[in-house]
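Working notes, beginning with the structure itself.
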Protein chains: 2
Amino acid sequence: MDGREDMTRTIPEDLEAFFDAHAARMRAELFDFLRIPSVSARAEHRADVERAAEWLAASLRAAGLTAELHATAGHPIVLGEWRQAGAGSPTVLVYGHYDVQPAEPLAGWTSPPFEPTVRDGRVYARGATDDKGQLFLHVKALEGHLATRGELPVNLIFLAEGEEETGSEHLTPFVERHAERLRCDAVVISDSAMFAPGRPALLSSLRGMAYFQIDVEGPATDLHSGTYGGAVVNPAMALARMLATFHDAEGRVAIPGFYDQVRESAELRRQAAELPFDEEGFRQEAGVPALGGEAGLTTLERLWTRPTCEVNGLLSGYTGDGGKTVIPARAMAKVSCRLVAEQDPAEIDRRLRAHVERVKPEGVRVEVRLLAGGRAWLASPGNLYFEAASRAVAATFGREPVVMGDGGSIPVVGDFERILGAPVLLLGFGLPGENAHAPDEWLSLENFELGMRTAAVLWEEVRAAHGRSPREAQ
Amino acid sequence: MDGREDMTRTIPEDLEAFFDAHAARMRAELFDFLRIPSVSARAEHRADVERAAEWLAASLRAAGLTAELHATAGHPIVLGEWRQAGAGSPTVLVYGHYDVQPAEPLAGWTSPPFEPTVRDGRVYARGATDDKGQLFLHVKALEGHLATRGELPVNLIFLAEGEEETGSEHLTPFVERHAERLRCDAVVISDSAMFAPGRPALLSSLRGMAYFQIDVEGPATDLHSGTYGGAVVNPAMALARMLATFHDAEGRVAIPGFYDQVRESAELRRQAAELPFDEEGFRQEAGVPALGGEAGLTTLERLWTRPTCEVNGLLSGYTGDGGKTVIPARAMAKVSCRLVAEQDPAEIDRRLRAHVERVKPEGVRVEVRLLAGGRAWLASPGNLYFEAASRAVAATFGREPVVMGDGGSIPVVGDFERILGAPVLLLGFGLPGENAHAPDEWLSLENFELGMRTAAVLWEEVRAAHGRSPREAQ
């Protein structure tokens with residue numbers, strides 16, 4: 001089935017009644033969570049990030065799980081557990097993150113980023129969709145299940161970190177150190193978008209990431225552009241000239257060796273070709289005069305199957321009103337590459353450095369730093385939990401999910417599969433255009449409600465799928 | 001004479017005694033002037049700029065001149081006068097500016113920019129050399145002359161504006177409107193540097209200026225670089241790619257037609273070739289690992305005889321700590337061109353716009369705005385006041401000034417010559433490396449003292465030169 005036919009929703013009555021009765025309270029709790037400015041990238045929000053971790057742990061305990069905070073050298077990891085389903089039952093790990101992106105530029109927000117505000121059936125707040133809303137709906141799903149039935153059909157591990165937006169530095173070491181305790185049959189992550197409103201999706205791929213900062217240093221201080229202009233190398237111009245060598249005229253990345261490890265996925269290309277993608281809607285969502293990118297490819301191919309190299313930020317010299325005639329002392333660019341299978345962030349780091357070394361001009365010093373990296377991910381084909389998730393989605397949304405790629409990155413997905421040996425299920429309740437890393441981030445409140453119900457039903461379906469699995473038969 | 005021989009200093013005793021006796025008070029007054037943060041580019045300093053104008057007018061009155069403030073649509077013009085030298089005496093106009101550059105980046109300052117601080121015989125403060133210190137030494141020279149002798153040997157017009165650092169928008173219209181009142185035999189400006197410590201200089205050229213802001217707009221808001229990356233045009237990368245087309249590999253400006261109006265000056269090239277320029281000292285002052293610029297030229301040729309195109313500032317997307325994976329909604333560059341004779345800023349504006357129009361990519365909107373413009377200047381050869389200034393400098397510094405080009409811009413110099421029909425004398429008391437537009441701006445206190453004395457002696461020499469001029473003989 002391709003999910004084009006509407007089906008009858010079949011949410012169990014007891015769960016539906018509970019979620020319906022408690023909707024206002026659950027929404028108020030979500031808003032409390034969103035009010036905590038847990039911006040992991042900013043030192044001044046350190047206490048807020050800690051507070052968000054404690055808030056989440058308390059909420060897990062209120063739902064009926066045990067919960068612990070595990071300190072790291074960065075932000076704490078929250079670990080919740082419910083393990084009374086019995087030895088024959090499957091164990092599932094739900095992963096998400098309670099940290100959020102910085103809210104800047106603040107001028108872009110219609111309502112303040114940490115004062116959740118409802119407009120047109122959406123809640124607007126930093127972290128609403130990425131990922132507090134999608135994480136919290138799992139907490140509420142567990143609460144609903146435990147409150148109505150007194151138990152879960154699976155053993156449940158709830159793992160949430162506070163460093164996803166800054167590269168998940170301490171998560172993978174934590175998972176490695178506690179691999180025995182975290183052993184499970186499947187990992188479920190809700191940190192992605194559906195294909196379109198009313199069209200839930202299971203993801204078949206994610207792109208990886210290599211995030212760099214490039215610093216160009218010239219004069220010891222900003223110089224008078226009359227006294228020195230024309231006789232020293234301008235760091236801002238040097239940076240622009242280097243960045244301009246990162247792509248060719250066709251929009252392909254021109255860093256030698258950049259594509260060497262790219263493995264083409266026929267499956268992803270087929271998905272990209274088959275889905276009824278609304279290019280004009282996507283253009284309007286992005287708010288751009290025209291779409292662009294690598295020549296000769298469709299938008300979905302560009303997003304799912306091809307790596308990128310983007311400038312995320314530029315800063316140099318005088319940026320205020322009017323003019324100031326300086327040659328800047330330094331210039332900075334944030335540059336990040338989205339990677340596809342099998343690109344290795346460490347190899348991309350080497351390639352980018354070698355390229356910068358070749359193209360950098362005399363007269364300035366250039367430093368390249370890799371701030372974060374993670375590999376791309378392809379779903380392991382034919383896993384039983386995909387079917388379980390499809391049935392859960394069909395029961396709650398009245399429509400089977402589409403299977404599709406995604407241009408984003410969740411660096412730990414590959415680590416989970418490698419360390420825990422369990423397949424990862426990416427079942428997101430966001431929507432395209434929710435401004436995940438931009439001002440006016442929002443989450444559809446209807447999808448928050450349906451997501452809770454899907455997560456509650458999912459554990460029944462996982463239990464049933466597990467009963468049919470070869471592992472159980474042994 | 002090329003000024004290489006030391007000569008005896010011959011400052012008149014009465015003047016020397018006065019300046020010596022009042023040195024501490026005059027320095028304290030200079031520091032009061034420097035404490036006023038008259039940053040013309042910033043709306044929040046509007047009242048400070050006004051206060052600086054009033055302070056200067058009061059100081060002119062205290063010296064014995066009349067003084068008026070003339071309101072403009074921007075910042076006020078200060079006009080001081082002393083006209084009792086008699087009809088047979090020459091009239092001289094002293095011009096300068098009481099506004100200053102913004103102090104940012106504040107982190108670069110050793111002591112606060114508006115708290116004048118003395119270290120190693122230098123006063124550190126924003127505006128110390130550009131131009132408050134050099135303007136104020138003229139006020140004190142007039143005070144010294146009037147206090148000791150009761151009169152000046154010339155009729156004196158003192159004209160100071162508060163918008164030099166933002167393009168002198170209202171000065172030229174003011175000069176045009178009051179051309180009759182401002183009519184004079186020579187204009188004297190001290191807003192430039194000497195060739196080296198102990199080597200005063202008269203300028204023979206200035207570069208012009210065309211200052212632009214380039215804004216690139218793409219998405220309506222910052223976009224998630226995973227969700228959209230590869231399928232929309234990145235405004236920051238588009239800006240970098242456009243800026244990279246502004247020069248060729250040899251460091252020449254590659255904007256078609258940019259050099260069409262450049263007139264080569266054999267005189268300037270000769271001066272650049274003859275002066276004993278310290279390249280290594282210049283490199284150390286600039287604090288750069290190596291000098292650079294247009295291929296095949298010396299540093300002085302690059303600075304005095306060639307136009308430039310520099311990036312003065314860049315801003316786009318996320319510029320804080322760590323990483324934020326956005327495609328920026330917009331990107332901005334401040335770009336300014338230093339011009340040489342006969343380049344016309346309006347023509348450069350047309351050339352730059354046409355070039356940007358050619359190279360700008362689809363998928364973004366680009367806006368180019370000319371923020372300020374002014375033509376380059378070449379000294380009219382063989383004017384009598386050059387000789388007068390040479391004698392004044394020889395008397396006070398014990399050395400004749402060198403005649404040299406300058407890479408900076410004083411846009412109104414050409415306007416003065418055109419409107420008032422009087423030659424301009426550029427006699428500066430700054431030094432190379434005084435950080436005019438950068439943090440830790442300073443002025444040599446010895447040059448402040450010698451500059452006062454030079455300005456006081458200058459009026460005697462101008463009077464004497466005037467006596468020998470053909471105009472007087474008529």
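Couple of notes before you dig in:
- Going through (1) within 8 Å of chain A (Cβ to nearest Cβ); (2) of a type in the set (A, V, I, L, M, F, W, C); (3) not in a helix (DSSP H, G or I) one by one, B:Ala341 falls short only on (1).
- A:Asp415 vs. criteria under 19 Å from the mean Cα position of the chain (by Cα), within 30 Å of B:Val326 (Cβ to Cβ) and in a helix (DSSP H, G or I): yes
- In this entry, A:Ser192 passes the filter for residues that are at pLDDT below 95, buried (at least 24 other Cβ atoms within 10 Å of the Cβ) and closer than 30 Å to A:Phe277 by Cβ.
- The residues listed here are A:Leu458, A:Leu450, A:Leu445, A:Leu426; of these, the one that is closer than 28 Å to A:Phe18 by Cβ, within 14 Å of chain B (Cβ to nearest Cβ) and of a type outside the set (Gly, Ala, Ser) is A:Leu426.
- When B:Ile348 is tested against (1) among the aliphatic types (A, V, I, L, M); (2) within 10 Å of chain A (Cβ to nearest Cβ); (3) crowded, with 24+ Cβ neighbours inside 10 Å, only condition (2) is not met.
- Residue in segment B:299-310 that is outside any helix (DSSP H, G or I), polar (S, T, N, Q), facing chain A (nearest Cβ under 8 Å) and in contact with a His (Cβ under 9 Å, 6 or more places away or on another chain) present: no
- The listed residue being under 17 Å from A:Gly407 (Cα atoms), part of a loop (DSSP other than H, G, I, E, B) and modelled with pLDDT of 90 or more, out of A:Arg263, A:Arg283: A:Arg263
- The residues of segment B:319-334 that are more than 34 Å from the chain's Cα centre (by Cα) and either part of a loop (DSSP other than H, G, I, E, B) or at pLDDT 95 or above (or both), listed by number, are B:Asp321, B:Gly322, B:Gly323, B:Lys324, B:Thr325, B:Ile327, B:Pro328, B:Ala329.
- Among the residues of segment A:216-246, just one is farther than 30 Å from B:Gly281 by Cα, buried (at least 20 other Cβ atoms within 10 Å of the Cβ) and more than 7 Å from chain B (Cβ to nearest Cβ), namely A:Phe246.
- Residues that are aliphatic (A, V, I, L, M), part of a helix (DSSP H, G or I) and crowded, with 24+ Cβ neighbours inside 10 Å within segment B:95-134 comprise just one, B:Ala128.
- In segment A:171-185, the residues that are modelled with pLDDT of 95 or more and of a type outside the set (Asp, Glu): A:Leu171, A:Pro173, A:Phe174, A:Val175, A:Arg177, A:His178, A:Ala179, A:Arg181, A:Leu182, A:Arg183, A:Cys184
- Among the conditions (1) without any contact (Cβ under 8 Å) to a residue 12 or more places away in the chain; (2) within 14 Å of chain A (Cβ to nearest Cβ), B:Ala103 misses just one, which is (1).
- Within the set B:Ser336, B:Ser380, the sole residue that is out of contact with any strand residue (DSSP E or B) (no Cβ under 7 Å at 6 or more places or on another chain), among the hydroxyl-bearing types (Ser, Thr, Tyr) and within 27 Å of B:Glu163 (Cα to Cα) turns out to be B:Ser380.
- Yes/no for A:Gly317 being out of contact with any Cys (no Cβ under 6 Å at 6 or more places or on another chain), within 13 Å of chain B (Cβ to nearest Cβ), small (Gly, Ala, Ser) and surrounded by fewer than 24 Cβ atoms within 10 Å (Cβ to Cβ): no
- Residues that are at the interface with chain A (Cβ under 10 Å from one of its Cβ atoms) and without any contact (Cβ under 8 Å) to a residue 24 or more places away in the chain within segment B:247-257 comprise just one, B:Ala249.
The values are calculated or read from the model by the stated rules, or taken from the named source; none is laboratory data. Quantities reported herein were computed from a predicted structural model and do not represent experimental measurements. Every residue, glycine as well, gets a Cβ built from its backbone with ideal geometry; the counts of neighbours run over all protein chains shown.
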